[in-house]
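J.: Sharing a structure, written as structure tokens. Questions coming.
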Amino acid sequence: MAVTLKDVAELAGVSRSAVSRSFTEGASVSARTRAKVEKAARELGYSPNALASSLTTGRTKLIGLVSNNFHNPIFLEIFDLFTRGLQERGLRPLLVNLSDETAPENSVRMLRQYSVDGAIVASSTLPTDFAPAFHEAGIPVVNAFGRYASDPRVHTVGIDNIACGRLAVKSFAARGYRRIAFMGGPEAATSTQDRHAGFMAELAAHPGLEASISFAGAYSFEAGRREMQRLLQAPPAEAYFCGDDVLSIGALSALRDHGVSVPEEVGVLGLNDMEMAGWAGIDLTTIHQPIRQIVTSSIELMMAMLGEPDRYPEARVFPCRIIERATLRPLPEVG
């Protein structure tokens, strides 16, 4: 039979409430009583019931980990980092798939049903009103990989996607490309919109460049492959800035199937620097998004909000850089 709190209390010679307080963070209990309880618990092999503890403290320690991009393999990396990071801090992640959800009020209702202590929205493709809807419902929320704003409505951690679009054009120009292209992800995604805006803004500063613009239907391998197959019905550009790494890998597959050599005939630049981008046979030149730092910072903000629910919304923005591999022409040597 399972060991109960009553069994620990009897062996330790204390009340059941003393045992409960000994396993409740911040509760008032003497060091002597706590030591007796912990000794008895070890001898009996007792572990406190997390659900019962939540009834006492009013805290479930559940954090909703909300996304809708489950088909994108980069989210395996992101969820691995989030779940391990939350668990290391004594919190329990509740994975929430909103791939088919369009109404934030339904998501708010679901999170309330599970009595989550907070929510981390890990997506750049969910509608922009999701994270604010959680906030307005009184659920502490962090928007990881969200859209940067100088005056955020909710805590936001990510990169400046406009700067990434600019970086792509600057890199193409430095390598001598003249006919370039933007192959974005879903046109409605804020990440796509901002990368496109930065791409076009920097393009205006390089009058010698010509550019074409297109959008894939999703951040997925198949969407990238299909879009590149469509583009190859006409003469291709010299270099493509793709919306993310998985789109880029799909584009590379289509180029190679059509006998187009990379980077000799066509260059491809991705974004994210997911683990797969460095695999042999892919070796994708890409813009590095500091995923680990974004995840860690998002968890730090969540922890801070659990202690200070009225904390003023903060935007944390991380810089990006190009990781040189084998799908773009090398930069010219200096000197």
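The values are calculated or read from the model by the stated rules, or taken from the named source; none is laboratory data. Predicted model only: the values in this text are computed from it and were never measured. Glycine also receives a Cβ, built like all others from the backbone with ideal geometry; neighbour counts cover every protein chain displayed. Side chains included, ligands, DNA and RNA excluded: accessible areas come from the protein's heavy atoms. Shrake-Rupley method; radii C 1.70, N 1.55, O 1.52, S 1.80 Å.
J.: Could you please state, rounded to a whole Å, how far the C-alpha centre of the stretch 298-329 is from the C-alpha centre of the stretch 84-131?
T.: Comparing the Cα centres of the stretch 298-329 and the stretch 84-131, I get a distance of 17 Å.
J.: Over the stretch 256-307, what per residue volume does the convex hull of the Cα atoms give, in whole Å³?
T.: With only Cα atoms used, the stretch 256-307 gives 85 Å³ per residue.
J.: Another question, if that's okay. Report the dimensions of the stretch 23-136 along its three principal axes from the alpha-carbon atoms, largest first, rounded to Å.
T.: 53, 30, 18
J.: Note down the accessible area of residue 83, probe 1.4 Å, to the nearest 10 Å².
T.: 40
J.: Calculate how steeply helix 104-113 sits against the longest principal axis of the alpha-carbon atoms of the chain, using the helix alpha-carbon long axis, and give the answer as 0 to 90 degrees to the nearest 10.
T.: Result, in degrees: 30.
J.: Moving to a separate point now. Carbon and sulfur together cover what percent of the accessible area of the stretch 259-335 at a 1.4 Å probe radius?
T.: On the way: 2120 of 3970 Å².
Heavy-atom surface of the stretch 259-335 belonging to carbon and sulfur, 1.4 Å probe: 53 percent.
J.: Okay, moving on. Convert each backbone phi in the stretch 2-12 into a coupling constant with the Karplus relation 6.51 cos²θ - 1.76 cosθ + 1.60 (shift: θ = phi - 60°), then list the ³J(HN,Hα) values in order as whole Hz, x for Gly and Pro.
T.: Values, residue by residue: 5, 6, 10, 4, 4, 4, 5, 4, 5, 5, 7 Hz.
J.: Here's another thing I want to ask about it. For the stretch 238-335, what D do you get in µm² per second when you plug the Kirkwood radius from alpha-carbon pairs into Stokes-Einstein at 20 °C and 1.002 mPa s?
T.: Rounded to a whole number, D works out at 139 µm²/s.
J.: Can you give me the angle between helix 31-44 and the longest principal axis of the chain, using Cα atoms only, in degrees from 0 to 90, rounded to the nearest 10?
T.: The angle comes out near 80 degrees.
J.: Enter the accessible area per residue of the stretch 197-283 (Å², integer; probe 1.4 Å; all protein chains in place).
T.: Heavy-atom accessible area per residue stands at 41 Å².
J.: Now, a different point. What angle, in degrees between 0 and 90 and rounded to the nearest 10, separates the Cα long axis of helix 245-257 from the longest principal axis of the Cα atoms of the chain?
T.: That works out to roughly 40 degrees.
J.: So, one more: Note the listed values [x] 114; [y] 182; [z] 131, then indicate which one is volume of the Cα convex hull per residue in Å³ calculated from this particular structure.
T.: Label [y] holds the value from this structure.
J.: On to the next question. Given N residues in the stretch 166-319, what is its alpha carbon radius of gyration divided by 2.2 N^0.38 Å? Write down the numbers at each step before the final one.
T.: Values: Rg = 17.4 Å, N = 154, 2.2 N^0.38 = 14.9 Å.
For the stretch 166-319, the normalised Cα radius of gyration comes out at 1.16.
J.: Output the relative contact order of the chain, whole-number percent, from Cα pairs under 8 angstrom with separation of 6+ residues.
T.: Numbers: 616 pairs, mean separation 49.6, N = 335.
Relative contact order here is 15 percent.
J.: Based solely on its DSSP helices, what 222 nm [θ] is calculated for the chain when runs of n ≥ 4 H residues each add -39,500 (n - 2.57) and the sum is averaged over all residues, nearest 500 deg cm²/dmol?
T.: Taken over the chain, the calculation gives -12500 deg cm²/dmol.
J.: What net charge do the residues around residue 30 carry, taking every other residue with its C-beta under 11 Å from that of residue 30, with Lys and Arg at +1 and Asp and Glu at -1?
T.: +4
J.: Among DSSP bridges having both ends in the chain, what percentage is antiparallel? Round to the nearest 5. Don't skip to the end; give the middle numbers.
T.: Numbers: 3 of 40 bridges.
Given both bridge residues lie in the chain, the antiparallel proportion sits at roughly 10 percent.
J.: Please report, as a whole percent, how much of the solvent-accessible surface of the stretch 87-221 comes from carbon and sulfur atoms (probe radius 1.4 Å).
T.: About 49 percent, which is the carbon plus sulfur part of the accessible surface.
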